[in-house]
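Undergrad: Right, I'll just put the structure down here and ask away after.
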Amino acid sequence: MDEIDAMFSDLLGEMDHLSQSLAEATVSSEMDATPQESSFSIGFNNLNESLNELEDHDLDALVADLESKSTDQQSPTHNGNSNPTGNETAPPAVYQESEPVVTFPVVTTQSSRAVKMNEPQTKADKIKVALDKLKEAKVKKLIIKVLMSDNSSKTLMVDERQTVRDVLDTLFEKTHCESSIEWSLYETNPDLQTERAFEDHECLVEPLSAWSRHSENKLYFLSTPQKYMMFTEPQIFYMWKKKKSSSDMNSQAKELLIKEHFGGSTTIVPNLEGVLYLKEDGKKVWKPRYFMLRASGIYYVPKGKTKSSTDLACFVRFEKVNVYTASSYKQKYRAPTDFCFLLKHPCIQKESPYIKILCCEDKHALLLWVNSIRIAKYGAALYKNYQAAVTRASALQIPCSAANKEKSNSATSLESPYPSS
């Protein structure tokens, strides 16, 4: 009991330390970042540059939407809680709750009087109006730069209500590429040398708001064949011990496998286990341990113990962490191989002792672990994302040029969980 009390005290101390470090990072980022630069644009030096990159019709839509919201906010409310002084403050650089408002703008004849009086406006005038109104906006908005596989880019405005699925649909329209289930929005962090594809149900503004002011992080629009491999090739994850017999499974058997594991009230997680190399805190030392995947997290077998559930020790739980693939860790941290992944809180953007790093023997093991963790963490939401993507892809079959298709195929590998940026 004394040992349990000591372990529990250490755990509480670590949690308190992590909470304080995250709070300090949030406060410091708010103090040294102006609202214009940190709250409204991603991938640009400043907000003015990002507004200049918007296409004319997108800028018109933004101005019209902001003007309409400004008019709505100035009108008296039924509960008498309106602010007569009008002293609105700019939204901070963190995610905040939104009020129920209209969907992403469409320019109509009901634009505000201020816009009508100044028509026709130059792009500079529109940018000035947008800068002023963004400071007053109740709904958090970001202007983002999305990079393509051919080094071109698209500039979009997203707000906190839009999911990754919504942004992908917008990119399909702007790029005229095929609406395939494989396309992903994909973040890279050069400081940590990590990569992650956002899940379709995530609200994009929230994770992007965790990026620091001078972050070198990038956002990509890429084809990732591994995105829904757990549904197109479920036998890889649920019959991983039977490699030979699972390779030639027919479509009917795959459907039954999906129904068995995703069709019930709870998702059945792949019974994945095996030796992984664990990086020790603050050292370039890696020790092999036997890890086992469970619905709540990853567990390991302590020395001298058995694989019995009573002997397992918890390594990490999935509630507050995301899974990322890592690149070149063999060179950076002397990892046994270059097939590494890590688990961390999305607010951690620099090296930290609260990042859990694991190394796999080969590409196939990396594929299994990363995607099985996604199944355990997101469960039914992941299956709903897949079904929505299939429905959307069948409804919008937009032709894609052979050249672009070749590029996206050459930039990805079926063996790795995500493509290299």
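The values are calculated or read from the model by the stated rules, or taken from the named source; none is laboratory data. Worth saying up front: this structure is predicted, and the values here are computed from it rather than measured. Counting neighbours? That spans all protein chains shown, and the Cβs are built from the backbone with ideal geometry, glycine included. Side chains are part of the model used for accessible areas, which takes the heavy atoms of the whole protein and leaves out ligands, DNA and RNA. Shrake-Rupley method; radii C 1.70, N 1.55, O 1.52, S 1.80 Å.
Undergrad: Report the percentage of all Cα-Cα pairs in region 165-236 whose separation exceeds 20 Å, rounded to a whole percent.
TA: The calculated P(r) of region 165-236 puts 38 percent of pairs beyond 20 Å.
Undergrad: Modelling each spin label as a point 7 Å along the Cα-to-Cβ direction, I'd like the residue 280/residue 128 distance in nm, to one decimal.
TA: That separation, rounded to one decimal, is 6.4 nm.
Undergrad: Calculate, for region 234-380, the solvent-accessible area per residue in square angstrom, rolling a 1.4 angstrom probe over the heavy atoms of the protein chains. Write down the numbers at each step before the final one.
TA: Details: 7630 Å² over 147 residues.
With all protein chains present, region 234-380 gives 52 Å² per residue.
Undergrad: Spelling out what I want: for every residue of region 313-318, take phi, set θ = phi - 60°, compute 6.51 cos²θ - 1.76 cosθ + 1.60 (Karplus), and round to whole Hz; glycine and proline get x.
TA: Per residue, the Karplus-derived 3J(HN,Hα) values read 10, 6, 8, 7, 9, 8 Hz.
Undergrad: Test of understanding: what is the full-extension gain from residue 387 to residue 265, defined as 0.36 nm times their sequence separation minus their Cα-Cα distance?
TA: 42.2 nm
Undergrad: Which entries in 254/305; 140/363; 154/330; 307/344; 141/344; 305/356 show an alpha-carbon gap greater than 28 Å? Spell out each step's value before the answer.
TA: Numbers: 254/305 36 Å; 140/363 39 Å; 154/330 34 Å; 307/344 26 Å; 141/344 25 Å; 305/356 22 Å.
Beyond 28 Å between Cα atoms: 254/305; 140/363; 154/330.
Undergrad: What is the spin-label model distance, in nm, from residue 296 to residue 331 if the labels are put 7 Å beyond Cα along the C-beta direction?
TA: For residue 296 paired with residue 331, the spin-label model returns 4.1 nm.
Undergrad: Here's something else I'd like to know. For a protection proxy built on the mean count of beta-carbon atoms within 10 angstrom, sort 374-384, 313-323 highest first, please.
TA: Output ranking for 374-384, 313-323: 374-384, 313-323.
Undergrad: On full extension of the chain, what length is gained from residue 249 through residue 363, given 0.36 nm per residue of separation minus the C-alpha to C-alpha distance?
TA: So the chain would gain 38.9 nm between residue 249 and residue 363.
Undergrad: Now for a separate question. At 0.36 nm per residue, minus the direct Cα-Cα distance, what do residue 338 and residue 305 gain on full extension? Give it in nm, one decimal, please. Intermediate results must be reported in sequence, preceding the final value.
TA: On the way: separation 33, 0.36 × 33 = 11.88 nm, distance 2.92 nm.
Gain on extension, residue 338 to residue 305, equals 9.0 nm.
Undergrad: Also, quick follow-up: Quick one: what are the phi-derived ³J(HN,Hα) couplings along region 296-304, Karplus 6.51/-1.76/1.60 with θ = phi - 60°, whole Hz, x for glycine and proline?
TA: My calculation for region 296-304 gives 8, x, 10, 10, 9, 9, x, 4, x Hz in order.
Undergrad: Also: What ³J(HN,Hα) values, in whole Hz, does the Karplus curve 6.51 cos²θ - 1.76 cosθ + 1.60 give for region 211-221 when θ = phi - 60°, with x put for Gly and Pro?
TA: 5, 6, 4, 9, 5, 9, 4, 10, 10, 10, 10
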